[in-house]
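Some notes on the structure that comes next.
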Amino acid sequence: MKITRVEAQTVTMPLKEAYTIAYETVGSACNVFLRVETDCGIVGFGCAAPDLPVTGETPETVVEAIANIIEPALRGADPLRWSLILEVLERDLATKPAARAAADMALFDIVGKVAGLPLWKLLGGYRECIPTSVTIGILPETETVEAAKRWVAEGFKCLKIKGGRDVESDIARVLKVREAVGPEIEFRFDANQGYTVEQARRFVDSTRTANLELLEQPTPKGQPELLGQVTRSVSIPVMADESLMTLRDAFRLARNEFVDMVNIKLMKVGGIAEAMHINSVARAAGLEAMVSCMDEAGLAIAAGLHFALARPNVVYADLDGYLDLVGDPTRAAVIVCNGNLRTTERPGLGFEIDW
């Protein structure tokens, strides 16, 4: 089997509602879809969701990487030798993880289709579905509570509140949401690097009655030792997100016991293959893992979901990035019911894009 054609297509999708996090406000998402055709008629699809503050990429740099690096590396290659191909791409696309993730997804999509199996079964088949959290951006207190009630009414049983700009406002919003949704809803908080160590401690101490499940990335990503200070001094698990970009980051965080948990995003780390390596480091260190996402179309969410379903150490999912996208051509790649995510059960990633 040989790869005969590689194509890219950019799609811009507005959000139903813009959202705000600690360092930016987002109103639309631009994803780059990848199509990889083989000489036996099997076609694999991938998706890149570049985010300049996180991955250091733009849609333009992804398209350029596909044309100049990915297409030459894939054309004529055997897609079943994905480890060899991805080793080359990791070297040549070290600073372009979202572009690398798109190629990784397309290759795994082909492998699953050749095997005639959905990818999650091929990778291990640990669970059939997983609940996802839904994210509420930084909003005024009343609007935050209204959004929480709306998501719970739609069947979601886990909420993630964004904050990091004003610790006192964050405390008030968290307490009000818990009061509004009751004790049965799982509840997480993401500061997106917005706190000092002292602010993180104050936030945790002041929200004890809200029974938060975890605190995600409270301190700046370039200072992992600050995460360690928070982890050692608060009563709830602390999770690394922006601080985890590479396999080496995972090793450093685990070796120094800087965190209790890690957030693995395919767009940050470069795809499923690298995510499996990072998850192995986390498991060896006794760290639980969550698979999360950027503003990603359904196809990219499906890739994260297949990985999450396959590995026992992935106990949390935050794969809601496609829910508010308008005009996503791959929305049906994921099935959601009462807050639980399932795949289509078709081979590979389980979805064919009408190119």
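Filter region 101-140 down to residues that are within 30 Å of Gly164 (Cα to Cα) and either open to solvent by 30 Å² or more (accessible area, probe 1.4 Å) or assigned to a helix (DSSP H, G or I) (or both), then give me how many there are. Qualifying residue count for the region: 6. Glu143 falls short on exactly one of the conditions (1) without any contact (Cβ under 8 Å) to a residue 40 or more places away in the chain; (2) within 23 Å of the chain's Cα centre (by Cα); (3) surrounded by fewer than 19 Cβ atoms within 10 Å (Cβ to Cβ), and that condition is (2). Out of Gly137, Gly125, Gly44, Gly76, one residue alone is under 30 Å from Phe156 (Cα atoms), in contact with a strand residue (DSSP E or B) (Cβ under 7 Å, 6 or more places away or on another chain) and among the small types (Gly, Ala, Ser). It is Gly137.
If only residues of region 43-70 that are touching a residue at least 40 places away in the same chain (Cβ under 8 Å) and open to solvent by 40 Å² or more (accessible area, probe 1.4 Å) are counted, the one that is farthest from Trp355 (Cα to Cα) is Gly56.
I'd like the full set of residues that are of a type outside the set (A, V, I, L, M, F, W, C), over 21 Å from Asp39 (Cα atoms) and in contact with an Asp or Glu (Cβ under 9 Å, 6 or more places away or on another chain), limited to region 69-103.
At the first step, the residues of region 69-103 found to be of a type outside the set (A, V, I, L, M, F, W, C) are 71-72, 75-76, 78-79, 81, 83, 87, 90-92, 95-97, 100.
Remaining after also requiring over 21 Å from Asp39 (Cα atoms): 87, 90-92, 95-97, 100.
Once the filter is applied, which keeps residues that are of a type outside the set (A, V, I, L, M, F, W, C), over 21 Å from Asp39 (Cα atoms) and in contact with an Asp or Glu (Cβ under 9 Å, 6 or more places away or on another chain), region 69-103 yields Glu90, Thr95, Lys96, Pro97, Arg100.
For Val230, the requirement of being of a type outside the set (Asp, Glu), over 30 Å from Gly46 (Cα atoms), touching a residue at least 24 places away in the same chain (Cβ under 8 Å) and buried (at least 24 other Cβ atoms within 10 Å of the Cβ) is met. For region 22-42, a residue qualifies if it is closer than 22 Å to Val111 by Cβ, part of a strand (DSSP E or B), open to solvent by 20 Å² or more (accessible area, probe 1.4 Å) and of a type outside the set (Lys, Arg), and exactly one does: Glu37.
Just one of the numbered conditions (1) part of a helix (DSSP H, G or I); (2) surrounded by 16 or more Cβ atoms within 10 Å (Cβ to Cβ) is not true of Tyr19: (1).
Can you find even one residue in region 76-83 that is closer than 30 Å to Asp324 by Cα, surrounded by fewer than 18 Cβ atoms within 10 Å (Cβ to Cβ) and at pLDDT 95 or above? Don't jump to the end; show me each part of the working.
Quick first cut of region 76-83, residues closer than 30 Å to Asp324 by Cα only: none.
No, that holds for no residue.
Here's the yes/no breakdown for (1) part of a helix (DSSP H, G or I); (2) within 23 Å of Val152 (Cα to Cα); (3) not charged (D, E, K, R):
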site	(1), (2), (3)
Glu179	yes, yes, no
Lys221	no, no, no
Gln229	yes, no, yes
Ser235	no, no, yes
Met239	no, no, yes
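Of all residues in region 250-279, those satisfying the criterion of being open to solvent by 10 Å² or more (accessible area, probe 1.4 Å) and among the charged types (D, E, K, R) are Arg252, Arg255, Glu257, Asp260, Lys265, Glu274.
The values are calculated or read from the model by the stated rules, or taken from the named source; none is laboratory data. Keep in mind that this is a model prediction, so the values were computed, not measured. Here Cβ is always computed from backbone atoms with ideal geometry, including for glycine, and neighbour counts include all displayed protein chains. Surface areas here come from the heavy atoms of the whole protein model, side chains and all, with no ligands, DNA or RNA. Shrake-Rupley method; radii C 1.70, N 1.55, O 1.52, S 1.80 Å.
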